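Chemist: Sharing a structure here in C-alpha cells format.
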Amino acid sequence: MLTAAFKKRVVITGMGVVSPNGIGNEAFCRAVLAGSSGVRRVTSFDASELPVQIAGEVRDFDELAWVEARERKHVSRVVPLALAASTEALRDAAIETSKLSLAEQREIGVVLGSGGGAQEFSEEQVRLWLTGKVKQVSLFCIPSGTMGTLSSEVSMRFGLRGMSHVITTGCTSSTDAFGYALRQIQFGFLPMMLVGGVDAPIAPGIMKGFTLMKIMTASWNHAPERGSRPFSADRDGFVVGEGSWMFVLEEYEHARARGARILAEVAGYGSTCEAFHRVRLEECGEEPARAIQMAMEDAGIAAADVDYVNLHGTSTQLNDRIETRALKLALGDKAQATPMSSLKSQIGHPQGACGAAGIAATLVAMHHRQIPPTINLEVPDPECDLDYVPEPGRHAEIEHAVCNCIAFGSKNSALVLRNVL
C-alpha cells in the first residue's frame with residue numbers, strides 16, 4: 001500500500017445509472033430509498049419452460065437511443081447500457097467530451113468491470129449459426145464477443161484516449177475496477193478515470209447454466225418482487241439482474257481546480273483470494289474479512305469509524321451466512337451496532353456490475369442520510385443476526401461506508417467511501 005505521504009486523494013465527481021429499479025440517477029435514488037423492487041417476470045425471451053422465470057431486467061430502456069439500428073446487431077446489450085450510464089456520469093461531472101482538447105482526452109482513462117461482458121451476444125451468435133441463419137451472424141462476432149473491447153466502445157464514443165481496460169473477476173469485477181482506477185490516480189498516472197460496472201446476463205443459456213448450479217431461486221415465479229430475499233431464513237437462491245452504474249473518478253486537487261461537485265472520496269481498497277473453490281466460500285469467512293480490513297487500513301480508519309456497510313448479500317444460504325461471519329471478524333464488537341443493507345434485495349444480482357451498483361446505493365445513502373432497506377427480510381435467520389436494516393430503511397449520518405463484494409473463484413474485494421460534504 002502507498003504511505004499516506006505519497007497518496008493522492010481520489011474523489012467521485014459524477015454518477016450515471018441504468019438499473020432494474022430506475023433509469024437515471026433521480027429514478028434510481030427514489031427507488032432505492034423507497035425499497036422498490038425491479039425484479040419481474042422475464043420479458044426479453046420466453047422463459048416459461050425454465051424453472052426460474054424472474055430477473056432484474058432493465059425495462060423500458062431504448063437501446064437504439066445509444067446505438068444506431070444498423071450497429072445494434074454487431075454489439076452486446078452491455079454496450080448501450082454502458083454508454084447510457086457513462087453519458088449521465090460525464091454530464092453529472094460537468095465534463096463536455098466534445099470540447100476536450102487532445103491533451104485533455106489523453107488524461108481520461110476508462111476502466112469497466114464486467115463478469116460476463118458480451119456473453120449473451122456470443123450466445124446469440126451461436127444460436128444463429130446452429131439454426132442455419134449464418135447470414136444473420138455479425139461479422140464482428142469475434143471482436144464484439146471479446147471482453148476487452150467493451151471499454152473500447154466507451155472510449156471511442158467519447159474520444160477518451162487514456163488507458164481503456166476491462167477488469168473481469170466475477171462478481172468483484174466492478175469493485176476491482178474501482179480499485180484499479182484508484183491506484184492509477186493515486187500514483188499520478190492519470191488525473192481522471194471513467195469507471196464502473198456493466199453486465200447483461202439475462203439470456204436463455206446463461207440462466208440455464210445458473211439453474212444447473214442450483215443457485216437461483218425457483219420459488220417466487222408467482223411473486224417476482226419477493227424473490228430476492230438476502231439474509232431471510234427462507235431464502236433459496238439469487239435472482240439474476242442486469243444494469244450499468246458508471247462514475248467519474250478524479251484526483252482531489254484536479255477536481256477542486258475545475259470547481260467540480262464532489263460526491264465522495266474513494267478512501268481505501270482491499271482484495272484477497274481464499275484459493276479454496278470455484279464457487280463455494282470457505283465457511284470461516286477469514287479472507288472476506290481480511291479484504292475489508294485491508295480496505296479500512298488503506299483508508300486509515302478503524303472498525304469504530306464504519307457507519308454503514310453495503311453488503312454483497314446475494315440471497316443464497318451460503319453467501320449470506322459467511323458474509324455475516326466475515327463482518328463479525330472484520331468489525332469485531334462494532335459489527336452488531338453497524339447498520340448494513342443489500343441492494344440486491346431490490347434489483348437482483350447484476351453479476352460483475354454489483355459492486356458499482358452498491359457504490360451508487362451508498363452514495364445515495366450518504367447524501368440523503370437514509371440507509372436503503374433490505375427488502376423481503378421476513379423470516380429471522382439465527383445465523384444471520386446483524387442489523388440488515390429491513391423496510392422502511394433508516395435515517396443515519398454516514399461519514400465512512402464499506403462496500404463489500406464476494407465472487408466465484410474465492411475472490412473478495414472491498415472499498416471504503418468517505419463522505420466529504
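The values are calculated or read from the model by the stated rules, or taken from the named source; none is laboratory data. Since the structure is predicted, the reported quantities are computational estimates derived from the model, not experimental observations. Here the Cβ positions follow ideal geometry from the backbone for every residue, glycine too, while neighbour counts run over all protein chains shown.
Chemist: Hey, any hits in the range 309-331 for a residue that's among the hydroxyl-bearing types (Ser, Thr, Tyr), touching a helix residue (DSSP H, G or I) at 6+ places or on another chain (Cβ under 7 Å) and outside the structural domain of Gly14 (by TED's automatic domain parsing)?
Modeler: Among the residues of the range 309-331, at least one is among the hydroxyl-bearing types (Ser, Thr, Tyr), touching a helix residue (DSSP H, G or I) at 6+ places or on another chain (Cβ under 7 Å) and outside the structural domain of Gly14 (by TED's automatic domain parsing), which makes the answer yes.
Chemist: For a quick check of your reading: which helices (runs of 4 or more DSSP H) sit entirely within the range 41-126 and have at least 3 residues that are under 24 Å from the mean Cα position of the chain (by Cα) and buried (at least 24 other Cβ atoms within 10 Å of the Cβ)?
Modeler: Qualifying helices (runs of 4 or more DSSP H): 78-92.
Chemist: Something else about it: Output yes when any residue across the range 369-390 is over 20 Å from Ser232 (Cβ atoms) and touching a Ser or Thr at 6+ places or on another chain (Cβ under 9 Å), and no when none is.
Modeler: No: the range 369-390 contains no residue that is over 20 Å from Ser232 (Cβ atoms) and touching a Ser or Thr at 6+ places or on another chain (Cβ under 9 Å).
Chemist: Another question about this same structure. So, in the range 225-253, exactly how many residues are surrounded by fewer than 22 Cβ atoms within 10 Å (Cβ to Cβ) and touching a strand residue (DSSP E or B) at 6+ places or on another chain (Cβ under 7 Å)?
Modeler: Number satisfying all stated conditions: 3.
Chemist: Taking interchain pairs and intrachain pairs at least six residues apart, which have beta carbon atoms under 7 angstrom, with the first residue in the range 282-306 and surrounded by 14 or more Cβ atoms within 10 Å (Cβ to Cβ) and the second of a type in the set (Asp, Glu) and in a loop (DSSP other than H, G, I, E, B)?
Modeler: Glu282/Glu274; Glu287/Glu274
Chemist: For the range 216-247, what are the residues that are of a type in the set (Asp, Glu) and touching a Lys or Arg at 6+ places or on another chain (Cβ under 8 Å)?
Modeler: Result: Glu225, Glu242.
Chemist: A follow-up question, please. Only one of (1) buried (at least 22 other Cβ atoms within 10 Å of the Cβ); (2) touching a strand residue (DSSP E or B) at 6+ places or on another chain (Cβ under 9 Å); (3) more than 19 Å from Cys403 (Cα to Cα) is not met by Thr149, so which one is it?
Modeler: Status for Thr149: all satisfied but (1).
Chemist: Continuing with this model, one more query. Of the residues in the range 338-372, how many are surrounded by fewer than 23 Cβ atoms within 10 Å (Cβ to Cβ), of a type outside the set (S, T, N, Q) and assigned to a loop (DSSP other than H, G, I, E, B)?
Modeler: Here the count works out to 2.
Chemist: Can you find a residue in the range 158-177 that is crowded, with 22+ Cβ neighbours inside 10 Å, modelled with pLDDT of 95 or more and more than 19 Å from the chain's Cα centre (by Cα)?
Modeler: Yes, because at least one residue in the range 158-177 is crowded, with 22+ Cβ neighbours inside 10 Å, modelled with pLDDT of 95 or more and more than 19 Å from the chain's Cα centre (by Cα).
Chemist: Quick one: in the range 379-407, which of the residues that are of a type in the set (A, V, I, L, M) and within 18 Å of His312 (Cβ to Cβ) is surrounded by the fewest Cβ atoms within 10 Å (Cβ to Cβ)?
Modeler: Per the criteria, the residue is Leu386.
Chemist: List, please: which pairs have Cβ atoms under 6 Å, are six or more places apart or on different chains, and start with a residue in the range 74-100 that is under 15 Å from Gly117 (Cβ atoms) and end with one that is of a type in the set (Lys, Arg) and in a helix (DSSP H, G or I)?
Modeler: Close Cβ pairs satisfying both conditions: Leu83/Arg157.
Chemist: Considering Ile398, Ile375, Ile347, which residue is of a type outside the set (D, E, K, R), farther than 22 Å from Arg226 by Cα, in contact with a strand residue (DSSP E or B) (Cβ under 9 Å, 6 or more places away or on another chain) and modelled with pLDDT of 95 or more?
Modeler: Answer to the selection: Ile398.
Chemist: Filter the range 387-403 for residues that are in contact with a Pro (Cβ under 7 Å, 6 or more places away or on another chain) and under 13 Å from Asp176 (Cβ atoms) and give the result.
Modeler: Result: no residue meets the conditions.
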